[in-house]
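> Okay, handing you the structure first.
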Amino acid sequence: MIALGAAMPTTDDACSARFNIYNFTASCIPHSIFCAIDFNVRTSPGASSIECSFWGAGPDILPPVQLTGCRNPKVSFSFDGSGGDRAFTVVTALSPEQNLTGTYNIPDSEIVLEDHGSVQTEIYEGPETFTIGEVTTISL
């Protein structure tokens, strides 16, 4: 019982939580109706990296993505693809009653239109690695 309590994150741990994002890409495929968002996330120091991805219809413009599960079902993400600055949010289960949630605002300047002759498609041109440093605890 004591070992279990030691393994569970405390409220203080939740307050200092960060989500480290690696290999982040977001783009629409030229001459296709599909767009993709792919990345890896580390939800705590020393944790294994978790693969997350979305493949869905655009076309040409990165679509909004409602909360979508990652390879590890305790981690989800969403993407507000409505133009202007975009909100990229990661959610992970802290306990059965609480989630940790953090949002990274992607500046509009990092989502560009790429010209492919007869079509233009959106592509993310910001950093592939970044940290979501403001993570909050949400009680369910």
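The values are calculated or read from the model by the stated rules, or taken from the named source; none is laboratory data. Fair warning: this is a prediction, and the values are worked out from it, not measured in the lab. We place every Cβ from the backbone using ideal geometry, glycine too, and count neighbours over all the protein chains shown. For the accessible areas, the whole protein counts, side chains as well, though only heavy atoms, and no ligand, DNA or RNA atoms are used. Shrake-Rupley method; radii C 1.70, N 1.55, O 1.52, S 1.80 Å.
> Please work out which residue is farthest from ASP80 (Cα to Cα), limiting yourself to region 101-140 and to residues that are more than 19 Å from the chain's Cα centre (by Cα), open to solvent by 50 Å² or more (accessible area, probe 1.4 Å) and of a type in the set (A, V, I, L, M).
LEU140
> Is region 34-41 home to any residue that is part of a loop (DSSP other than H, G, I, E, B) and either within 20 Å of THR101 (Cβ to Cβ) or basic (Lys, Arg) (or both)? Show your work before the answer.
Going through region 34-41, the residues part of a loop (DSSP other than H, G, I, E, B) turn out to be none.
Within region 34-41 (the criterion being part of a loop (DSSP other than H, G, I, E, B) and either within 20 Å of THR101 (Cβ to Cβ) or basic (Lys, Arg) (or both)), the answer is no, since none of the residues qualifies.
> Give region 47-97 a look and list any residue that's free of Cβ contacts under 8 Å to residues at least 24 places away in the same chain and either in contact with a helix residue (DSSP H, G or I) (Cβ under 7 Å, 6 or more places away or on another chain) or of a type in the set (Asp, Glu) (or both), or say none.
Residues satisfying the conditions are GLU51, ASP80, ASP85.
> Can you list residue pairs whose Cβ atoms sit under 6 Å apart, with the first residue in region 98-113 being in contact (Cβ under 8 Å) with a residue 24 or more places away in the chain and the second being surrounded by fewer than 14 Cβ atoms within 10 Å (Cβ to Cβ) and assigned to a strand (DSSP E or B)? Count only pairs 6 or more apart in sequence or on different chains.
Sorted first by the residue in region 98-113, then by its partner, the pairs are GLN98/SER139; ASN99/ILE138; THR101/THR136; THR101/ILE138.
> Would you pick out the residues in region 56-71 that are open to solvent by 60 Å² or more (accessible area, probe 1.4 Å), within 27 Å of LEU94 (Cα to Cα) and of a type outside the set (A, V, I, L, M)?
PRO64, GLN66, ARG71
> What residue, of PHE54, PHE39, is within 16 Å of PHE130 (Cα to Cα) and among the aromatic types (Phe, Trp, Tyr)?
The unique qualifying residue is PHE39.
> Can you name the residue in region 11-27 that is at pLDDT 95 or above and surrounded by 17 or more Cβ atoms within 10 Å (Cβ to Cβ) and is also farthest from SER49 (Cα to Cα) among such residues? Walk me through it before giving the result.
Pass one, region 11-27, residues at pLDDT 95 or above: 19-27.
Then drop every residue that is not surrounded by 17 or more Cβ atoms within 10 Å (Cβ to Cβ), which leaves 19-21, 24, 26-27.
Working: PHE19: 10, ASN20: 9, ILE21: 9, PHE24: 13, ALA26: 18, SER27: 22 Å.
The extreme case among them is SER27.
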